[in-house]
């Protein structure tokens with residue numbers, strides 16, 4: 001897709017009332033958004049847009065210079081990613097409500113597929129700070145990317161701790177990327193651009209209105225394998241994020257706290273509802289099977305696959321097979337099979353069940369090359 005074609009996605013992102021569902025209908029009806037952008041009002045109504053939305057669109061189309069809008073975005077060092085882009089986050093793309101357009105400042109890398117969200121109250125206690133720092137340091141040491149919302153309290157501490165530990169971190173904003181909020185986190189945001197990313201699905205200039213934050217929480221959850229709620233009141237944005245995570249099939253962890261403390265009422269309630277009670281940070285790694293992640297990432301970079309690995313990987317699927325069965329079907333010496341499987345397990349290409357039974361793992365966003 002040509003880069004300047006993204007300007008039509010940006011244009012429709014500016015139209016009030018057009019979200020993922022309606023944009024999908026437009027793509028289905030017109031084949032591409034350039035055609036939809038130039039369509040007559042009657043044709044847009046026939047494609048399923050209401051009279052009010054069509055009126056909003058026609059007025060917007062008349063008032064803006066779409067090329068200038070897009071050029072201004074690029075001039076600020078901001079990328080536009082759409083459903084059609086290969087580097088649109090794969091895990092986010094799985095969602096039925098995946099945003100059609102996301103704005104990105106910084107860089108996403110394949111390793112960001114292994115991300116965990118850390119969220120919680122803005123009124124963090126000393127206990128919450130200590131727990132947040134411990135969780136983040138443990139995850140970063142294992143190569144996990146930290147996702148949060150750049151808010152005061154738990155969010156900001158999670159981002160800063162990840163950077164201080166040499167890790168990657170991603171912030172999902174409830175405003176345009178040119179409206180960093182809270183203002184005291186502008187310096188933190190600049191640090192994150194160098195070793196992570198800022199993301200939002202709101203157009204440039206969108207202010208940080210309270211109503212923007214609950215919807216953005218679906219993106220925090222959508223980018224992550226799991227969400228950890230450190231401290232949260234019974235009515236808080238962190239619990240909304242946890243609800244999105246549960247609906248999306250993500251793991252939800254909550255840190256237990258003092259039953260009398262307002263900051264623990266939400267986390268204790270989550271545990272009562274079935275969230276994992278998080279007593280040790282390592283429990284996240286074990287639950288998500290990420291204990292060997294750092295080794296896997298390094299091995300993928302420095303250890304190329306060979307013909308033996310290619311043969312084994314082509315044979316294996318999601319059904320575990322005993323090593324003797326694998327040897328018989330490949331007609332390779334047993335020692336060569338076991339050595340290759342051990343290396344493939346380190347690289348994250350296969351996993352082993354009890355009794356020397358192996359199955360293939362095809363992680364999203366990973367390409368296996370053979371020689």
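The values are calculated or read from the model by the stated rules, or taken from the named source; none is laboratory data. Being a predicted model, the structure only gives us computed values, none of them experimental. FYI the Cβ positions are ideal-geometry reconstructions off the backbone, even for glycines, and counts take in every protein chain you see.
Per-structure values
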read-out: Subset of segment 94-128 that is in a helix (DSSP H, G or I) and touching a residue at least 40 places away in the same chain (Cβ under 8 Å) - its residue that is farthest from residue 178 (Cα to Cα); value: 127
read-out: Residue selected from segment 1-23 under the condition loosely packed, with under 13 Cβ neighbours inside 10 Å and part of a helix (DSSP H, G or I), by the criterion farthest from the chain's Cα centre (by Cα); value: 3
read-out: Options 289, 353: the member that is under 25 Å from residue 145 (Cα atoms), modelled with pLDDT under 90, touching a strand residue (DSSP E or B) at 6+ places or on another chain (Cβ under 9 Å) and surrounded by fewer than 16 Cβ atoms within 10 Å (Cβ to Cβ); value: 289
read-out: Filtered residues of segment 266-283 (kept if out of contact with any strand residue (DSSP E or B) (no Cβ under 6 Å at 6 or more places or on another chain) and either part of a helix (DSSP H, G or I) or not assigned by TED's automatic domain parsing to the domain that holds residue 143 (or both)); value: 266, 268, 269, 272, 282, 283
read-out: Tally of residues being surrounded by 16 or more Cβ atoms within 10 Å (Cβ to Cβ) and under 35 Å from the mean Cα position of the chain (by Cα) across segment 319-337; value: 2
read-out: Yes/no for residue 68 being exposed (fewer than 12 other Cβ atoms within 10 Å of the Cβ) and either in contact (Cβ under 8 Å) with a residue 24 or more places away in the chain or touching a helix residue (DSSP H, G or I) at 6+ places or on another chain (Cβ under 8 Å) (or both); value: no
read-out: Any chance residue 53 is within 24 Å of residue 216 (Cα to Cα), surrounded by 12 or more Cβ atoms within 10 Å (Cβ to Cβ) and either outside the structural domain of residue 175 (by TED's automatic domain parsing) or without any contact (Cβ under 8 Å) to a residue 60 or more places away in the chain (or both); value: yes
read-out: Filter result for residue 316 (more than 25 Å from residue 142 (Cα to Cα), touching a helix residue (DSSP H, G or I) at 6+ places or on another chain (Cβ under 8 Å), crowded, with 16+ Cβ neighbours inside 10 Å and modelled with pLDDT under 90); value: yes
read-out: Meets criteria (under 22 Å from residue 22 (Cα atoms) and in contact with a strand residue (DSSP E or B) (Cβ under 7 Å, 6 or more places away or on another chain)) for residue 100; value: yes
read-out: Matching residues in segment 309-324 - criterion: being over 11 Å from residue 360 (Cβ atoms) and either in a loop (DSSP other than H, G, I, E, B) or touching a strand residue (DSSP E or B) at 6+ places or on another chain (Cβ under 9 Å) (or both); value: 322, 323
